[in-house]
1. Of everything in region 135-150, what is open to solvent by 10 Å² or more (accessible area, probe 1.4 Å) and at pLDDT below 90? Give them in sequence order.
2. Output the number of residues of region 151-178 satisfying the condition of being open to solvent by 20 Å² or more (accessible area, probe 1.4 Å), among the hydrophobic types (A, V, I, L, M, F, W, C) and under 24 Å from the mean Cα position of the chain (by Cα).
3. Is it fair to say residue 186 is crowded, with 16+ Cβ neighbours inside 10 Å and part of a loop (DSSP other than H, G, I, E, B)?
4. Assuming residue 434 fulfils every condition listed in (1) open to solvent by 10 Å² or more (accessible area, probe 1.4 Å); (2) in contact with a helix residue (DSSP H, G or I) (Cβ under 7 Å, 6 or more places away or on another chain); (3) at pLDDT below 90 apart from one, which condition is it?
5. Which residues, counting only those in region 247-274, are out of contact with any Ser or Thr (no Cβ under 8 Å at 6 or more places or on another chain), among the hydrophobic types (A, V, I, L, M, F, W, C) and closer than 21 Å to residue 443 by Cβ?
6. Considering each residue of region 309-337, count those that are assigned to a loop (DSSP other than H, G, I, E, B), open to solvent by 40 Å² or more (accessible area, probe 1.4 Å) and free of Cβ contacts under 8 Å to residues at least 60 places away in the same chain, and give that number.
7. Looking only at region 156-188, how many residues end up being free of Cβ contacts under 8 Å to residues at least 40 places away in the same chain and polar (S, T, N, Q)?
8. Would you please list the contacts, defined by Cβ atoms under 6 Å and residues six or more apart or on different chains, that run from a residue in region 32-60 that is farther than 19 Å from residue 76 by Cβ to a residue that is open to solvent by less than 20 Å² (accessible area, probe 1.4 Å) and assigned to a strand (DSSP E or B)?
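The values are calculated or read from the model by the stated rules, or taken from the named source; none is laboratory data. Quantities reported herein were computed from a predicted structural model and do not represent experimental measurements. Don't worry about glycine lacking a Cβ; one is built from the backbone with ideal geometry, like all the others, and counts go over all protein chains shown. The accessibility values were calculated without ligands, DNA or RNA, using every heavy atom of the protein model including side chains. Shrake-Rupley method; radii C 1.70, N 1.55, O 1.52, S 1.80 Å.
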Amino acid sequence: MLKYFATFALFLLTYLCANALGGKCGDNVKWDMTSDGVLTITGTGEIKNMARNSQPWRADLVKSVVITDGVVRIGKEAFSGCKNLYSVKLPRSLKSIGERAFADCKTLTQIELYQGLEHIENNAFENCINITAINYPYSLKTIGERAFKGCTGLVSIGLPETLQSLGVGTFEGCQYMTAVSSLPNYLNASTSQRFGLDPNIVETYWKHKEEEAEALKKLNASSVVTAVQAVATAPEQPVEPVQISSDVDINIPTIQPCKESCFAFIFANENYDRISNVPFAKRDGSYFAEYCKKTLGLPDENVRYYENATYGRMLEALYDLKQIDDAFNGDCNIIFYYSGHGAPDESSREGFLIPTDAFKVSKDVCMPLSDLYAQLGELKSKSVVVFLDACFSGSTRQNEVLQYGQRGVTLKPKPNAPKGNMVVFTATSGDETAWPYQQQGHGLFTYYLLKILKEKSGVITLGELSDYLSQMVGRTSVAKNQKKQTPNTNISTKISTVWKDWKLAE
């Protein structure tokens with residue numbers, strides 16, 4: 001009988017450990033784990049420092065970790081040795097990831113680091129061999145020693161240019177890393193081995209940056225505006241230059257700056273490193289910036305203009321946007337404009353904004369629309385109005401298939417729903433192409449956006465704007481390009497009954 005009781009007690013103990021359990025893992029932080037291995041951590045403050053194999057949960061049973069908003073730090077060794085952990089969802093409130101927090105999580109395949117994260121401590125992700133890409137948010141200040149040592153799955157990195165400190169041996173043993181998209185200035189070929197990076201890769205990166213700077217210097221020194229060529233109907237036919245002049249570029253209505261609490265973030269991505277350029281994108285962005293200042297009344301310093309933005313620059317801009325939103329405590333209005341390439345991921349059909357330095361369509365080097373919408377949707381601002389003069393089907397303005405040395409695709413992208421106080425105006429619907437308006441030297445969508453702002457001297461409701469863009473872009477595309485282009489307006493459910501009466505920049 002005693003032997004039977006002992007066997008039953010052991011079975012019961014094993015059952016309880018393997019099924020739903022919970023407790024505290026910080027002063028104000030609790031954990032709960034279900035029988036299928038989902039570990040959920042809730043509360044505010046820090047997850048406490050731990051010792052390996054002494055965590056309050058069974059490390060070998062953890063398969064997925066979900067940490068909710070409110071947690072600001074993951075303590076030392078919190079998830080080290082979770083050999084079956086494959087998925088982690090971190091909160092946007094997170095500021096720091098502790099020493100060896102995810103060390104030896106060898107089945108972990110991806111992890112999303114959000115803006116606001118400031119510190120990754122020593123050995124935090126050591127030997128996470130199946131992580132293939134990590135996005136390093138622009139808010140990141142320090143990365144500790146050997147933080148990604150032995151992460152043999154990493155093939156590329158893009159460290160924030162503003163990163164203050166990088167530890168010795170950070171990428172030691174990452175022998176398959178072949179590409180760099182951004183680096184802080186102190187990391188060069190002579191210092192790269194200290195951090196575990198291949199000097200040849202780093203040298204190639206800085207050489208490319210020098211070439212970009214020289215080209216930009218020459219461009220700024222030239223006062224001659226070159227004509228943009230139209231797309232040839234056949235390769236053997238001569239290409240006729242387009243006369244760059246438009247009625248929306250002259251006599252722009254002007255008022256005194258009066259919208260002190262309205263900010264515009266404008267991206268004009270025309271010249272790409274590895275793929276075809278986007279005709280007129282710089283003209284689109286620069287003239288929209290002029291209309292924001294002159295016609296909508298934004299002070300010059302409130303208009304943030306990013307020409308040919310790299311991935312790091314785009315992340316920096318979003319971080320700046322969040323800082324403004326926090327400083328104004330939501331008592332402001334945001335305009336977000338993008339002209340450039342968009343593209344879908346072939347497998348997931350997720351839409352991305354493409355930075356000019358991207359070498360593939362992937363969330364580690366491009367801006368997912370879902371992430372953009374999530375970040376803009378969390379703003380406290382009274383209104384967030386987004387204009388996207390891009391398509392996400394995989395085609396370009398020249399009706400070519402967007403390619404990065406791989407099979408080209410044209411897809412209907414997965415839709416994304418705006419959140420918070422967002423209204424999103426897109427140039428296309430579904431798998432359509434965002435066409436240029438060759439005769440006017442602008443993107444078709446942007447031309448009519450500027451035209452209605454000029455005709456109305458900037459005084460127009462979003463409902464009127466939506467109707468006008470849909471009608472005029474649709475008609476002109478069929479008449480001029482013999483192709484269908486249908487602008488779309490997407491609205492957050494939160495403001496579905498009021499958005500039509502809102503005015504731009506108010």
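1. 135, 138
2. Of the residues in region 151-178, 1 are open to solvent by 20 Å² or more (accessible area, probe 1.4 Å), among the hydrophobic types (A, V, I, L, M, F, W, C) and under 24 Å from the mean Cα position of the chain (by Cα).
3. no
4. (1)
5. Across region 247-274, the qualifying residues are 248, 250, 264, 265, 266.
6. Adding up the residues that qualify gives 1.
7. Qualifying residue count for the region: 7.
8. Matching pairs, first to second residue: 33/39; 38/64.
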